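What follows is a single structure, written as structure tokens, with notes after it.
Nothing in this text is a laboratory measurement; each read-out follows from the coordinates by a stated rule. Predicted model, so just to flag it, every value in this text is computed and none were measured. Here Cβ is always computed from backbone atoms with ideal geometry, including for glycine, and neighbour counts include all displayed protein chains.
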């Protein structure tokens, strides 16, 4: 946290003076960017502007498509599993029995049963960018949707980060990916509330108006730093932080959005907590509260929130895992969709839940399902999309897309379009000065328009 005293050399709450500021909390640049680690944006707006937003829920580990939205009751017993389908609010659409609440909001959802194009990597990269992590790796990799939204659209409120990553730290690090800034550089990276600078978001004590000039002087001190050549855009990022740090330090808007105690008890109960965190192992917890936090963040002005929910790598105990994770996801995802609807935000906010690949049709000896990149599934809602429909289908055994295969990039293109970014005509510029398309060889889903 930060304080300003009447001393000419103001101090931080931990008694670090201004002249020491460059020694604390580097933002990963190899030197102290501002002494205000991860403090990028946080100034309240007097009005709540309407804006397009995305909540990207990554089901890390690869959820079993045939045990969520695409049950195969006519498959042989060694493939179909133990779950039964249930009817939904939309006649003709059935989903797994562990999702009764989602069944009641299916008229607002789009189920994609034929997601193809997975490279089989055990990470969130394709769900954040639409591309393989190897694509354009020499220049930093492809930027995520959140990073592109930050670059192209900028902040709704200059004091609130346009891109927030709620993903908890995981032992399998790739599942912690909130969405890389790629070749766009650190200036558009996700703000992570669990980062080391979160405490700095909370001012400790009243700040006298006459002392605000000291904060500006702190930024001016940075101008004396030696400007180093940096082809990865880190000096650009440094400048972006400097421009916004003054606003950050005088705001509590972002902190308020992250404070769930400000929600009525009945709303928090509707989402649930997701505890106990069963089957977590090396993955993310089933943190239901992150979905409520995501709703609060988009209300505060965030354009893109990404998070990882659960650990779906069910090589063993697949059905016990789905009963646990599925029931918790059923509670918080349905609550999020209903909450956005009742607040009049669902047409502006796109929600998606998906993983990096599906799982094998055949059940293994440990009652599990293994990796299956051939096909997977996704569930979307909101964003002005035409809900109450299923796109694509798999064959009788759930092995492959039988009708309307949908590539990852088609979905990513749809997310861009819902945010107000035309993925076909709005390229971003890489470090070599070349325009790079947001998607290649694919179009956003026409079915949802």
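Quick look at the numbers
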| quantity | calculated |
| --- | --- |
| Among the candidates 344, 283, residue that is touching a helix residue (DSSP H, G or I) at 6+ places or on another chain (Cβ under 9 Å) and assigned to a loop (DSSP other than H, G, I, E, B) | 283 |
| Pairs with Cβ under 7 Å, 6+ apart, first in segment 379-408 and on the phi < 0 side of the Ramachandran plot and free of Cβ contacts under 8 Å to residues at least 60 places away in the same chain, second surrounded by fewer than 19 Cβ atoms within 10 Å (Cβ to Cβ) and part of a strand (DSSP E or B) | 395/402 |
| Considering residues of segment 74-120 that are at positive phi and crowded, with 18+ Cβ neighbours inside 10 Å only, the residue farthest from the chain's Cα centre (by Cα) | 81 |
| Count of segment 337-364 residues which are closer than 25 Å to residue 119 by Cα and more than 20 Å from the chain's Cα centre (by Cα) | 6 |
| Residues satisfying the stated conditions in segment 413-439, i.e. part of a loop (DSSP other than H, G, I, E, B) and touching a residue at least 40 places away in the same chain (Cβ under 8 Å) | 420, 421, 426, 430, 431, 432, 438, 439 |
| Test: residue 306 is under 19 Å from residue 409 (Cα atoms), in contact (Cβ under 8 Å) with a residue 60 or more places away in the chain and buried (at least 19 other Cβ atoms within 10 Å of the Cβ) | yes |
| Residue tally, condition in contact (Cβ under 8 Å) with a residue 40 or more places away in the chain and closer than 17 Å to residue 390 by Cβ, over segment 75-88 | 0 |
| Only listed residue being within 23 Å of the chain's Cα centre (by Cα) and buried (at least 19 other Cβ atoms within 10 Å of the Cβ), chosen from 71, 166 | 166 |
